[in-house]
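Input: a single structure, listed below in structure tokens.
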């Protein structure tokens with residue numbers, strides 16, 4: 001069978017099984033903490049001493065000799081914190097995949113399954129974190145023409161303890177797998193090249209995936225629908241492209257829902273900057289400029305699968321910001337959904353233009369209890385927070401705390417930024433209601449611009465310009481789109497159901 005020119009979307013993740021006993025003949029890894037727990041000595045104490053294994057998080061030691069006589073790897077889990085187990089899982093799966101590839105190179109049969117023995121006192125959450133790291137640390141988006149390298153396709157987890165502990169671990173692992181699937185799906189969407197990924201493609205993938213999940217519905221609005229209802233921001237940004245814009249609407253409405261959460265994600269499938277064109281260096285990365293929208297679509301799939309008792313609606317305005325005779329210009333006045341007008345200063349500040357329409361529409365159409373938007377919005381946020389932390393702006397302290405707590409559970413870091421009223425007047429327009437790109441601190445003024453369209457509801461803006469992409473491995477992250485924010489959104493929705 002001919003290989004597809006691009007990887008399938010969503011990616012297939014390795015299978016995971018939680019068991020109470022090891023399987024003979026399957027390569028074994030033993031996870032060791034940095035400090036030995038009090039009580040019975042480890043049965044691998046001699047081996048640990050011989051290899052001078054420290055147990056440091058992410059340390060992977062290959063055990064020489066006959067693997068049938070004992071473990072093949074020792075994997076460090078650090079102090080046993082969740083992030084340490086997540087890093088351990090990622091480091092282990094990379095080592096196991098490298099072993100599989102090396103075995104294939106020598107003509108040997110590469111292992112397709114591996115098993116991992118965790119410390120008996122690790123607990124269900126540690127098992128879940130290890131699995132999350134293993135599933136995402138081995139992620140790879142490969143559009144090459146050669147045969148894919150062999151890699152581990154199933155993971156057998158041995159948590160130790162009795163039947164109850166095994167069952168608790170199995171429950172935690174099933175949930176972790178859904179969170180990992182959300183991040184991986186968001187990565188798939190971000191990594192897909194933009195000669196394939198236009199607004200119609202993104203909408204089509206959302207429709208297909210929603211059709212596979214009970215309780216998740218999707219409606220796609222085309223450019224005629226957008227024009228008839230006055231989505232001026234989306235039409236302006238998408239006006240320079242041969243690929244017309246779309247509005248993707250996903251809905252999860254369980255019975256007995258305890259509230260209604262609205263998610264909005266920026267879906268710019270490629271960003272040239274428009275007439276305010278970007279430098280050529282780095283422009284190829286703009287295929288990931290829809291990472292916020294990708295995180296929202298992927299989160300909705302996981303939310304519907306986990307089935308919390310909270311209504312969630314998601315909007316992803318999708319457009320391609322291109323250069324042509326029909327592109328919008330600096331100096332234009334754009335009328336958004338609902339009638340508010342914006343003075344355009346920089347066509348490369350396009351994300352806020354499409355989010356403004358979606359926010360205004362979502363607030364008026366659905367009257368949610370809380371609104372959260374997610375976007376790779378400003379380079380200023382990369383300067384302020386670096387590449388591993390998302391910026392969090394919020395009009396409501398309780399919502400901000402809920403998002404930060406969701407991020408903590410998900411293993412995604414957020415830092416709350418100020419919505420400084422001292423800069424609120426900078427957003428006011430001279431000949432229109434608001435200015436799109438006023439002077440001042442760029443991340444803050446962008447958030448203040450979006451606040452104008454949030455209808456006074458509890459609202460949060462998540463700027464993921466930094467952590468949405470990576471150039472190297474760290475923890476469970478691999479180069480390319482990271483899927484950042486997808487797991488936080490899932491945890492946030494679940495928190496509302498509680």
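Just to be sure before I move on: is residue 418 more than 28 Å from residue 282 (Cα to Cα), free of Cβ contacts under 8 Å to residues at least 60 places away in the same chain, surrounded by fewer than 21 Cβ atoms within 10 Å (Cβ to Cβ) and not assigned by TED's automatic domain parsing to the domain that holds residue 130 in the structure I sent? Steps first, please.
Values: more than 28 Å from residue 282 (Cα to Cα): yes; free of Cβ contacts under 8 Å to residues at least 60 places away in the same chain: yes; surrounded by fewer than 21 Cβ atoms within 10 Å (Cβ to Cβ): yes; not assigned by TED's automatic domain parsing to the domain that holds residue 130: yes.
Against the criterion (more than 28 Å from residue 282 (Cα to Cα), free of Cβ contacts under 8 Å to residues at least 60 places away in the same chain, surrounded by fewer than 21 Cβ atoms within 10 Å (Cβ to Cβ) and not assigned by TED's automatic domain parsing to the domain that holds residue 130), residue 418 qualifies.
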Q. Among the residues of the range 228-239, is any surrounded by 17 or more Cβ atoms within 10 Å (Cβ to Cβ) and assigned to a strand (DSSP E or B)?
A. no
Q.
residue 212 - would you say it is assigned by TED's automatic domain parsing to the domain that holds residue 89, surrounded by fewer than 18 Cβ atoms within 10 Å (Cβ to Cβ) and closer than 25 Å to residue 487 by Cβ?
A. no
Q: Please determine, by comparing only the residues of the range 364-382 that are in contact with a helix residue (DSSP H, G or I) (Cβ under 9 Å, 6 or more places away or on another chain) and over 24 Å from residue 187 (Cβ atoms), which one is surrounded by the fewest Cβ atoms within 10 Å (Cβ to Cβ).
A: 369
**Q.** Tally of residues being more than 15 Å from the chain's Cα centre (by Cα) and under 20 Å from residue 219 (Cβ atoms) across the range 275-304
**A.** 1
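Given the criterion in the same structural domain as residue 458 (by TED's automatic domain parsing), out of contact with any helix residue (DSSP H, G or I) (no Cβ under 7 Å at 6 or more places or on another chain) and under 26 Å from residue 183 (Cβ atoms), identify the matching residue among 399, 392.
On the way: 392 fails: out of contact with any helix residue (DSSP H, G or I) (no Cβ under 7 Å at 6 or more places or on another chain).
Step by step, each of 399, 392 is checked, and only 399 is in the same structural domain as residue 458 (by TED's automatic domain parsing), out of contact with any helix residue (DSSP H, G or I) (no Cβ under 7 Å at 6 or more places or on another chain) and under 26 Å from residue 183 (Cβ atoms).
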Q) Does residue 343 count as in contact with a strand residue (DSSP E or B) (Cβ under 7 Å, 6 or more places away or on another chain) and farther than 30 Å from residue 180 by Cα? A) yes
Q: Go through the range 189-198 and give me each residue that's touching a residue at least 24 places away in the same chain (Cβ under 8 Å) and either surrounded by fewer than 24 Cβ atoms within 10 Å (Cβ to Cβ) or over 19 Å from the mean Cα position of the chain (by Cα) (or both).
A: 193, 194, 196, 198
Q: Scan the range 59-102 for residues that are in contact with a strand residue (DSSP E or B) (Cβ under 7 Å, 6 or more places away or on another chain) and in contact (Cβ under 8 Å) with a residue 60 or more places away in the chain and jot them down.
A: 92, 96
**Q.** the range 156-171, residues that are surrounded by fewer than 21 Cβ atoms within 10 Å (Cβ to Cβ) and either without any contact (Cβ under 8 Å) to a residue 24 or more places away in the chain or not in a strand (DSSP E or B) (or both)
**A.** 160, 161, 162, 163, 164, 165, 166, 167, 168, 170, 171
Q. Is it the case that the range 250-258 has a residue that's under 21 Å from residue 290 (Cα atoms), assigned by TED's automatic domain parsing to the domain that holds residue 457, under 21 Å from the mean Cα position of the chain (by Cα) and surrounded by fewer than 21 Cβ atoms within 10 Å (Cβ to Cβ)?
A. yes
**Q.** Filter result for residue 218 (in contact with a helix residue (DSSP H, G or I) (Cβ under 8 Å, 6 or more places away or on another chain), under 30 Å from residue 86 (Cβ atoms) and in the same structural domain as residue 304 (by TED's automatic domain parsing))
**A.** no
Q: May I ask you to verify whether residue 405 is touching a strand residue (DSSP E or B) at 6+ places or on another chain (Cβ under 6 Å), surrounded by fewer than 19 Cβ atoms within 10 Å (Cβ to Cβ) and modelled with pLDDT of 95 or more?
A: no
Q: Identify the single condition in (1) assigned to a strand (DSSP E or B); (2) free of Cβ contacts under 8 Å to residues at least 12 places away in the same chain that residue 268 does not satisfy, given that it satisfies every other one.
A: (2)
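For the range 295-359, which fully contained strands (runs of 3 or more DSSP E) count at least 1 residues that are within 23 Å of residue 481 (Cβ to Cβ), in contact with a helix residue (DSSP H, G or I) (Cβ under 6 Å, 6 or more places away or on another chain) and modelled with pLDDT of 95 or more? Steps first, please.
On the way: elements: 311-321, 333-335, 341-343.
Ranges flagged: 311-321.
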Q. Mind checking which residues of the range 466-491 are in contact with a helix residue (DSSP H, G or I) (Cβ under 8 Å, 6 or more places away or on another chain) and part of a loop (DSSP other than H, G, I, E, B)?
A. 466, 468, 473, 475, 476, 478, 482, 483, 484, 485
Q.
Quick check on the range 172-186: of everything there that is in contact (Cβ under 8 Å) with a residue 60 or more places away in the chain and touching a helix residue (DSSP H, G or I) at 6+ places or on another chain (Cβ under 6 Å), which residue is surrounded by the most Cβ atoms within 10 Å (Cβ to Cβ)?
A. 186
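Determine whether residue 387 is out of contact with any helix residue (DSSP H, G or I) (no Cβ under 9 Å at 6 or more places or on another chain) and closer than 30 Å to residue 479 by Cα. I'd like the intermediate steps shown before the answer.
Details: out of contact with any helix residue (DSSP H, G or I) (no Cβ under 9 Å at 6 or more places or on another chain): yes; closer than 30 Å to residue 479 by Cα: yes.
The answer is yes for residue 387.
With respect to residue 143, determine if the residue is surrounded by fewer than 15 Cβ atoms within 10 Å (Cβ to Cβ), over 27 Å from the mean Cα position of the chain (by Cα) and more than 20 Å from residue 476 (Cα to Cα). Before the answer, list the steps.
Numbers: surrounded by fewer than 15 Cβ atoms within 10 Å (Cβ to Cβ): yes; over 27 Å from the mean Cα position of the chain (by Cα): no; more than 20 Å from residue 476 (Cα to Cα): yes.
No, not satisfied.
The values are calculated or read from the model by the stated rules, or taken from the named source; none is laboratory data. This one's a predicted model, so the numbers in the text were calculated from it and none came from an experiment. Cβ coordinates were reconstructed from backbone atoms using ideal geometry, including for glycine residues, and neighbour counts include every protein chain displayed.
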